[in-house]
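The values are calculated or read from the model by the stated rules, or taken from the named source; none is laboratory data. Since the structure is predicted, the reported quantities are computational estimates derived from the model, not experimental observations. With ideal geometry, Cβ positions are generated from the backbone for all residues, glycine too; neighbour counts draw on all protein chains shown. Just the protein is used for accessible areas: all its heavy atoms, side chains included, with ligands, DNA and RNA removed. Shrake-Rupley method; radii C 1.70, N 1.55, O 1.52, S 1.80 Å.
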Amino acid sequence: MKEIILVTGGTGYIGSHTVVELQNAGYDVVIVDNLSNSSADVVDNIEKVTGIRPAFEQLDCLNFAGMDALFQKYQGIKAIIHFAASKAVGESVQKPLLYYRNNLVSLINLLELMPKYGVGGIVFSSSCTVYGQPDELPVTENAPIKKAESPYGNTKQINEEIIRDTITSGAPINAILLRYFNPIGAHPTALLGELPNGVPQNLIPYLTQTAIGIREKLGVFGDDYNTPDGSCIRDYINVVDLAKAHVVAISRILEQKQEEKVEVFNIGTGRGLSVLELIHAFEAATGVKLNYQIVGRRAGDIEKVWANPERANNVLGWKAETSIEDTLRSAWNWQLKLRERGIQ
Ligand code: NAD
Ligand code: WQD
């Protein structure tokens, strides 16, 4: 019998790609999503990609009774991948309580229900944001956690602590915390990708919307940082590669291969790219000329961060594989497909 994995936030950007990879690896998937930042037709597109329709429940993780009923309905859920969260850094500064409630209570509900239904494992979406500006680069999992720059970032730090404290208290749960660097790109079929709400805050959707003419110009936030070309450096990780890390993490939990009940892994490429390098890579990969201009720094931006992914490479047996050119082409094809579908 196939093992059942509950994927919260499974119609979202990273969740949808992960559902595909879980199905490809032979798992049965139940998605729970309240569609606050995604739409139900993602389920159709997952089915188009894999030929398998995942179970889908439109439900809010904040709804404890609803979640309880969900675990009763789908008996035998083996593990959870918890993506569901609010993720806009700027909005979290404006609406901190919304972020604290959504991101903390959703996780607390799951951790309370897991023992009741014998669900022994959880993979949690954490973020490189917990490192702030690291003192040493590339950053390892042992680097100190810095004071969060935003309520959003703080929810990731607190969620990591909630998981640790719950397991330390004796709850029969094993966890893997995946600290993502900057996820970008789309599925190679262009059937799944990122659907930003309103004006994009993140680089790649803003860049592809500029390239297609929705936005006039991409502003590069600063060229006076202490980096070779003066623009900020990040570790851009392909979303399908990232999705595959979740599959490996889930099988590690289910096969009881963990060395500790809570394990942490950086999920990045190990390579830092500046904003200007990324723009030039996009132009080279797609042949599309980009209208951009250097503008002032964005408040709160980290100057440079990239992963040391050796622990994920060696212990988890996962490695980023896709080239930045293929990743940027996938982001561009997704933008073209959105126009074709009349969405953006
Ligand atoms: P996303 O917004 O595309 O996906 C999140 C999904 O969760 C959405 O479909 C949304 O409708 C759903 N959701 C939100 N609150 C919910 C709730 N209370 N109940 C049920 N569903 C709910 O975001 P994403 O980029 O796919 O991010 C997934 C996870 O990864 C998040 O936890 C995010 O914080 C984390 N993360 C994202 C990035 C990134 O840059 N995208 C980086 C690091 C970590
Ligand atoms: C990338 C680079 C910008 C837009 C955010 C969150 C982080 C994590 C990932 C969830 C930066 C520059 C951007 C633009 C630009 N999310 N930029 N012009 O800030 O690294 O990380 O998403 O956990 O927590 O903070 O990602 O895509 O916004 O920016 O020059 O219009 O692109 O300055 O150097 P960021 P981003």
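Points to keep in mind about this one:
- Filtered residues of the range 64-92 (kept if assigned to a helix (DSSP H, G or I) and within 15 Å of ligand 1 (Cβ to nearest atom)): Phe64, Ala65, Gly66, Met67, Asp68, Ala69, Leu70, Phe71, Val89, Gly90, Glu91, Ser92
- When Tyr13, Tyr99 are checked against the criterion of being under 30 Å from Ser330 (Cα atoms) and of a type in the set (Ser, Thr, Tyr), a single residue qualifies: Tyr13.
Listed here are the residues, each with its yes/no results for (1) within 26 Å of Leu195 (Cα to Cα); (2) at pLDDT 95 or above; (3) open to solvent by 70 Å² or more (accessible area, probe 1.4 Å).
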{"site": "Arg297", "(1), (2), (3)": "yes, yes, yes"}
{"site": "Trp306", "(1), (2), (3)": "yes, yes, no"}
{"site": "Pro309", "(1), (2), (3)": "no, yes, no"}
{"site": "Thr322", "(1), (2), (3)": "yes, yes, no"}
{"site": "Trp334", "(1), (2), (3)": "yes, yes, no"}
{"site": "Lys337", "(1), (2), (3)": "yes, yes, no"}
{"site": "Ile343", "(1), (2), (3)": "yes, no, yes"}
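Residues are listed down the side, and each one gets a yes or a no for (1) out of contact with any Ser or Thr (no Cβ under 8 Å at 6 or more places or on another chain); (2) more than 27 Å from Ile77 (Cβ to Cβ); (3) without any contact (Cβ under 8 Å) to a residue 60 or more places away in the chain:
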| position | (1), (2), (3) |
| --- | --- |
| Ile163 | yes, no, no |
| Ile184 | no, yes, no |
| Leu192 | no, no, no |
| Gln201 | yes, yes, no |
| Thr208 | yes, yes, no |
| Ile212 | yes, yes, no |
| Lys217 | no, yes, no |
| Gly222 | no, yes, no |
| Pro228 | no, yes, yes |
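- Those residues of the range 29-59 which are surrounded by 17 or more Cβ atoms within 10 Å (Cβ to Cβ) and touching a helix residue (DSSP H, G or I) at 6+ places or on another chain (Cβ under 7 Å), in sequence order: Val29, Ile31, Val32, Val42, Ile46, Val49, Pro54, Phe56, Glu57, Leu59
- Selection of the range 206-225 for residues being basic (Lys, Arg) and either out of contact with any strand residue (DSSP E or B) (no Cβ under 9 Å at 6 or more places or on another chain) or surrounded by 19 or more Cβ atoms within 10 Å (Cβ to Cβ) (or both) yields only Arg215.
- Of all residues in the range 60-69, those that are open to solvent by 60 Å² or more (accessible area, probe 1.4 Å) and out of contact with any Asp or Glu (no Cβ under 8 Å at 6 or more places or on another chain) total 2.
- Within the range 20-52, being among the β-branched types (Val, Ile, Thr) and either touching a residue at least 40 places away in the same chain (Cβ under 8 Å) or not in a helix (DSSP H, G or I) (or both) holds for Val20, Val29, Val30, Ile31, Val32, Val42, Ile46, Val49, Ile52.
- When Ile184, Ile214, Ile173, Ile233 are checked against the criterion of being among the β-branched types (Val, Ile, Thr), within 19 Å of the chain's Cα centre (by Cα) and more than 12 Å from ligand 1 (Cβ to nearest atom), a single residue qualifies: Ile233.
- Selection from the range 96-117 of residues that are touching a residue at least 40 places away in the same chain (Cβ under 8 Å) and open to solvent by 10 Å² or more (accessible area, probe 1.4 Å): Pro96, Tyr100, Asn102, Leu104, Val105, Ile108, Asn109, Leu111, Glu112, Pro115, Lys116, Tyr117
- Of all residues in the range 198-239, those being polar (S, T, N, Q) and within 9 Å of ligand 2 (Cβ to nearest atom) number 4.
- Filtered residue count, the range 89-133, keeping only those that are among the hydroxyl-bearing types (Ser, Thr, Tyr) and touching a strand residue (DSSP E or B) at 6+ places or on another chain (Cβ under 8 Å): 6
- Residue list for the range 213-236, restricted to those being more than 18 Å from Gln201 (Cβ to Cβ) and either hydrophobic (A, V, I, L, M, F, W, C) or in contact with a Gly (Cβ under 9 Å, 6 or more places away or on another chain) (or both): Asp223, Asp224, Thr227, Gly230, Ile233, Asp235
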